[in-house]
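Participant: Here's a structure for you.
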Amino acid sequence: MQLERTNDKQDTEQSGEQSTTSTDDRFTILSNSRRRHAIKYLASSDEPAVRLRDMAEQIAAWENDLSVYEVNYKQRKRVYTSLYQTHLPRMNRVDIVEYDQSSGMIWPTDGVTELYPYLEPTSPPVFDWHQVGIVVSGLCFFLVTVAFLELIPDGGWDGYGIAFLISMLFLTVTAGQYLDS
């Protein structure tokens with residue numbers, strides 16, 4: 001079933017304006033978990049528009065750690081009411097969605113896609129390169145100090161050998177950081 005937009009907003013292509021959401025608006029929208037769930041729902045939908053009822057049902061399931069089929073009327077109604085009265089009108093005002101309150105239809109805009117990266121969880125680094133850098137710097141300081149104080153026995157490393165070793169250590173750490181990013 002093909003759905004069409006019924007609200008009075010002008011298409012940004014017709015007006016020549018570019019739709020961008022301010023940083024304050026982005027963080028205001030993202031400051032509420034229910035709005036983040038709404039954005040997550042829009043991101044996961046393959047449809048050009050979604051029904052408010054379907055969105056409310058899925059968000060209620062997420063909030064209550066249930067499947068969509070286990071959500072009861074009270075849980076769904078609580079989410080539906082807050083989306084209908086507060087969250088979707090606010091998201092509509094800042095061009096995150098186009099929301100037709102009378103039909104209960106929601107269309108994602110380019111503004112909502114700008115928020116997708118903020119929803120992705122960031123994983124902690126697998127390897128802490130800051131600690132590696134500190135250890136390598138300490139080792140290099142030790143090597144230079146030993147060479148300066150001439151504590152290396154005859155036949156040991158000369159200044160060029162130590163400089164080469166230090167350069168290789170830093171090159172290895174830098175390459176590791178680059179490949180890890």
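The values are calculated or read from the model by the stated rules, or taken from the named source; none is laboratory data. Owing to the predicted nature of the structure, the values given are computational and were not obtained by experimental measurement. In this analysis, Cβ positions are derived from the backbone assuming ideal geometry, glycine residues included, and neighbour counts consider all displayed protein chains.
Participant: Report yes if residue 131 is part of a helix (DSSP H, G or I) and in contact with a helix residue (DSSP H, G or I) (Cβ under 7 Å, 6 or more places away or on another chain), otherwise no.
Facilitator: Working: part of a helix (DSSP H, G or I): yes; in contact with a helix residue (DSSP H, G or I) (Cβ under 7 Å, 6 or more places away or on another chain): no.
No: the conditions fail for residue 131.
Participant: In the set 176, 138, 155, which member is at pLDDT below 80 and over 30 Å from residue 42 (Cβ atoms)?
Facilitator: Numbers: 176 fails: at pLDDT below 80; 138 fails: at pLDDT below 80.
Matching residue, one of 176, 138, 155: 155.
Participant: Mind telling me which of the residues 132, 112, 126 ends up being modelled with pLDDT of 80 or more and within 30 Å of residue 164 (Cβ to Cβ)? Spell out the reasoning first.
Facilitator: Numbers: 112 fails: within 30 Å of residue 164 (Cβ to Cβ); 126 fails: modelled with pLDDT of 80 or more.
Within the list 132, 112, 126, the selection yields 132.
Participant: Does any residue of segment 96-106 turn out to be in a helix (DSSP H, G or I) and either at pLDDT 90 or above or of a type in the set (Val, Ile, Thr) (or both)?
Facilitator: No, there is no match, as no residue in segment 96-106 is in a helix (DSSP H, G or I) and either at pLDDT 90 or above or of a type in the set (Val, Ile, Thr) (or both).
Participant: Pick from segment 39-56 the residues that are among the basic types (Lys, Arg) and not in a strand (DSSP E or B): which of them is surrounded by the fewest Cβ atoms within 10 Å (Cβ to Cβ)?
Facilitator: The extreme case among them is 53.
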